[in-house]
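Bear in mind these aren't lab numbers, they're just calculated from the coordinates by the rules spelled out. Worth saying up front: this structure is predicted, and the values here are computed from it rather than measured. Cβ coordinates were reconstructed from backbone atoms using ideal geometry, including for glycine residues, and neighbour counts include every protein chain displayed.
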Ligand SMILES: Nc1ncnc2c1ncn2[C@@H]1O[C@H](COP(=O)(O)OP(=O)(O)OP(=O)(O)O)[C@@H](O)[C@H]1O
Ligand SMILES: [Mg+2]
């Protein structure tokens, strides 16, 4: 789902807020209701007053009742009366004015009491005859809802504060946990741990923050592989430089001792050239693999380019047969003549070098479905199947001993193992691809290597 985190946060906040309001309203209502009843012990006291009044009235007469009522009045600091159903007060008592106005008797002690009236309500305990009623204005000490203010403060301020704090903390954790993991991975990566990754630690999630972690991981992956590749390239380059440097040291010694001066100077020139070539090829390779540039400046005829390269190769390897099968013309658009030329030269030189004397190398160019395919097949020993992709790695050479025996003729130095690695990056830079496979005439016996290059007629590279 898109914007998953956004929806989660919306749902969390919206549902949480609605639930909070509902809970506060319900709790306020519920506690107010439960607070609106007179305490059981007080109810019993009120009934006891009524019963006692009735007893005194029946057994001791109105005078004694009047004295008793006066006693309650003083004790509870309230209003007390005994009336009959015709609303006539007796026993030396009188009705309250508004009570007479409302023309009704008091409330039973079990009834709910309104908490917001300024005046305490009048409670009624009927006598057994049901025509006589003991009335008492609820004494202040019995009035329910004394904790109302505190409860309201707790429900309307403390409760939302607590719940909102908990919700905020949960939200904070939801958002911050992956961010902290990301921060940790970034710190580790900055401190030099190139294997530090963020997304693995949040495998259960799938939202905007995991997308961020995956982007970080992709970046870390690319950066670390670039660093590893550069490191190993540098190590290989320094290793390769050791041999020409040692030979140069020897040549310098010869020159210093005035021995074989001419030969030594030639050796120095040759080794310097080798080193220059090695460094240039390595730098070009490093540039192509780190920058992955798109080379798309030239439109040219592929057949013309192939003919020039083949002529040079025939001149270089006169004792091998090089056959090229091409159409009359093969125009390629938005490509790079230099890059493709160098790549083809490298591959063709490999093929000729690995083919025995009088052997044949065939270059075939076909034009199909908006694509050109160039296949260069030789008659050498091929490459062990397990190494078919490794030969495109820089400084990789198949078993040097075996290779040496195949080098029937070599006008140039033996290779650095950079040619195919460079060729692959150059071909990719013009939007093409390259593949190597062994030709098999008999099972398991290679009858030569076949390198296929596929190129788009018009490179999509921008
Ligand atoms: N046509 C081929 N037949 C057999 N083995 C090959 C062929 N082409 C390449 N290889 C093997 O693949 C390895 C890598 O080739 P690559 O062209 O990259 O390096 P190189 O030819 O050794 O040196 P460089 O091209 O830098 O001068 C070679 O060392 C060789 O062992
Ligand atoms: Mg080569």
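Here are the numbers:
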item: Unit Cα scatterers, Debye sum, the range 216-292: log10 I(q)/I(0) for q = 0.11 Å⁻¹; result: -0.43
item: Relative packing of 251-263, 373-385, which averages over residues the other C-beta atoms within 10 Å, highest first; result: 373-385, 251-263
item: CD proxy at 222 nm, helix term only [per DSSP H run n ≥ 4: -39500 (n - 2.57); per residue of the chain; nearest 500]; result: -18000 deg cm²/dmol
item: Rounded tilt (10° steps) of 40-60 against the dominant C-alpha axis of the chain; result: 10 degrees
item: At R0 = 56 Å, FRET efficiency that the Cβ-Cβ distance of residue 212 and residue 25 yields, to 0.05; result: 0.90
item: Peptides ranked, highest mean first, by Cβ atoms within 10 Å: ranges 128-136, 325-333; result: 128-136, 325-333
item: Computed FRET value (nearest 0.05) for residue 247 with residue 179, which takes r as the C-beta separation and R₀ as 60 Å; result: 0.60
item: Simple spin-label estimate for residue 96 and residue 279 in nanometres, 7 Å along Cα-Cβ; result: 11.0 nm
item: Using alpha-carbon coordinates, inclination of helix 4-35 to the longest axis of the chain, degrees; result: 10 degrees
item: Cα convex hull of the range 40-144, projected area averaged across orientations, nm²; result: 6.3 nm²
item: Global geometry of the range 149-284, whether rounded, prolate or oblate, following the gyration tensor of its Cα atoms and the 1.5 cut on a/c; result: prolate
item: With Cα atoms, 0 to 90° folded angle of helix 302-316 axis to the chain main axis; result: 50 degrees
item: Most to least packed among 302-313, 172-183 [average Cβ atoms within 10 Å]; result: 302-313, 172-183
item: Beta bridges per DSSP with both ends in the chain, % antiparallel, nearest 5; result: 85 percent
item: Computed Rg/Rh of the chain, alpha carbon atoms with Kirkwood Rh; result: 1.57
item: Sequence-separation-based contact order of the chain, relative, with Cα cut under 8 Å and 6+ spacing, percent; result: 11 percent
item: Equivalent ellipsoid semi-axes - Cα gyration tensor, the range 350-393, angstrom; result: 22, 17, 7
item: Rg(Cα) / (2.2 N^0.38 Å) computed for the range 293-456, rounded to two decimals; result: 0.99
item: DSSP bridge pairs, the range 293-456: antiparallel proportion in percent, nearest 5; result: 85 percent
